[in-house]
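Novice: The structure under discussion is supplied below as structure tokens; questions concerning it will follow.
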Amino acid sequence: MRQSVESDIHWLRKVTDDTNVTWLQLETAIKALKVELLFMKKNHEEETDTQYDELAQKNPEELDMYGSQQTEESTTVVTTQAAEIRVAEMILTELRHTVQSLEIDLD
């Protein structure tokens, strides 16, 4: 009986450790995605401004179409990355609950 309990405790500690590692990896991934998103927004703004200025000199109609297209593309990128961040945060929350549950089981 004692060996069984010790085995269970050992297993729970391993699961807790594995969960903590995954948790840290997800936190790192979330931070990296946020940094990448900021970089992409800034880079996109710079590219858009440059292309906008070039088009403004050529043709105002093309400029309007280009502006609409760039807005759609930016919205798509931001929406996709925001969804990825939300998913990663949900997974992180689930892992936190799992860790708390395992810690309770250990006590």
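Each reported figure results from applying straightforward, stated rules to the coordinates on display, with no laboratory input. Because the structure is predicted, anything quoted here is derived from the model rather than measured. Methodologically, a virtual Cβ is constructed for each residue, glycine included, from the backbone with ideal geometry; neighbour enumeration extends over all protein chains shown.
Novice: What pairs come up if the first residue lies in segment 11-25 and is under 14 Å from residue 92 (Cα atoms), the second is assigned to a helix (DSSP H, G or I) and of a type outside the set (A, V, I, L, M), and their beta carbons are under 6 Å apart, counting only those six or more places apart or on different chains?
Specialist: Listed pairs, sorted by first residue: 19/98.
Novice: Got a sec? Which of 47, 54 is in contact with a helix residue (DSSP H, G or I) (Cβ under 9 Å, 6 or more places away or on another chain), part of a helix (DSSP H, G or I), charged (D, E, K, R) and without any contact (Cβ under 8 Å) to a residue 12 or more places away in the chain?
Specialist: After applying the criteria, what remains is 47.
Novice: Looking at segment 37-64, which of the residues that are within 15 Å of the chain's Cα centre (by Cα) and exposed (fewer than 12 other Cβ atoms within 10 Å of the Cβ) is farthest from residue 82 (Cα to Cα)?
Specialist: 39
Novice: Within segment 69-102, take every residue that is among the small types (Gly, Ala, Ser) and within 10 Å of the chain's Cα centre (by Cα) and give me the one that is nearest to residue 18 (Cα to Cα).
Specialist: Of everything passing the filter in segment 69-102, 88 is nearest to residue 18 (Cα to Cα).
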